[in-house]
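Student: Take this structure, written in structure tokens, and hold onto it; I'll ask about it next.
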């Protein structure tokens, strides 16, 4: 049975993904419409605002129940397998750029990236890797602190005591320890999300408007396809 946060965020996420699909269709139709630079920038801004909305809602719900995001019921097992600390891996963005640069499909603008653009993307890749490593170290610290924290000690004490007043005291101390743990996990989740946002915005700052359109179309289409494939795998097999 889903919690209130899981229920509400699942409902939001389904609508958000449907809107994302509509945005991707617009991105893919750009070449046919032949938008000018201002039109391209307006479309990119529209899609990035939709992306920012996701994190605004995610962070608000995480304040109520951060654990829901470490075991997201709104994602398929396949999506979860590709995730990194509650969401997509920052390295995905660079894999998409590398693939688009090497593609032989006509009309893909990233195939014409300048040497200066390639250099800046590589610099961004290094910065993101360092920040990603920092977040992972903090996540590891949180996991270690769980094993070494007062929670384990208090659980041992609670299993031995019988006096009602002592049990209430121990329960109160345990709640405080859990509160600290959840605050730590929320901090790690937000730090990981910041790495994702910096990765996406950093890449968009390097690419020109048309390249931004191709990049956003590819990375979001990949996530949509992954979601559809995951949901298809988990769909119950109909028996005759």
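Student: Express in nm, to one decimal, how much length is gained between residue 197 and residue 70 on full extension, taking 0.36 nm for each residue of separation and deducting their alpha carbon distance.
Tutor: Difference between extended and current length: 43.9 nm.
Student: Once Rh for the stretch 4-234 is found with the Kirkwood sum over Cα pairs, what is the Stokes-Einstein diffusion coefficient at 4 °C and 1.567 mPa s, in µm²/s?
Tutor: Calculated translational D: 65 µm²/s.
Student: To continue, here is another question. First check a/c for the stretch 175-240, with a ≥ b ≥ c the square roots of the eigenvalues of its C-alpha gyration tensor; if it is under 1.5, answer rounded, and if not, answer prolate when a/b is larger than b/c or oblate otherwise.
Tutor: Cα axes put the stretch 175-240 in the oblate bin.
Student: Using 0.36 nm per residue, how much length does the chain from residue 63 to residue 138 gain when fully extended, once their Cα-Cα distance is taken away?
Tutor: 25.1 nm
Student: Quote the FRET efficiency, to the nearest 0.05, computed for residue 37 versus residue 123 with a Förster distance R0 of 25 Å and r equal to the Cβ-Cβ distance.
Tutor: That gives a FRET efficiency of 0.50.
Student: So if we plug the beta-carbon distance of residue 10 and residue 225 into 1/(1 + (r/R0)^6) with R0 = 22 Å, what FRET efficiency do we get, rounded to 0.05?
Tutor: The computed FRET efficiency comes out at 0.65.
Student: Okay, next question. By counting other Cβ atoms within 10 Å of each Cβ, how are 190, 127 ranked from fewest to most?
Tutor: 127, 190
Student: Then there is this: Could I have the simple spin-label model distance between residue 2 and residue 99, label points 7 Å from Cα toward Cβ, reported in nm to one decimal?
Tutor: Here the answer is 2.9 nm between the modelled labels.
Student: Could you work out the relative contact order of the stretch 8-89, using alpha carbon pairs under 8 angstrom and six or more residues apart, expressed as a whole percent?
Tutor: RCO, the stretch 8-89: 32 percent.
Only the coordinates and a few stated rules stand behind these numbers; no lab work does. Please read these numbers as outputs of a predicted model, since none were measured by experiment. So basically every Cβ, Gly included, is an ideal-geometry build from the backbone, and we count neighbours across all protein chains shown.
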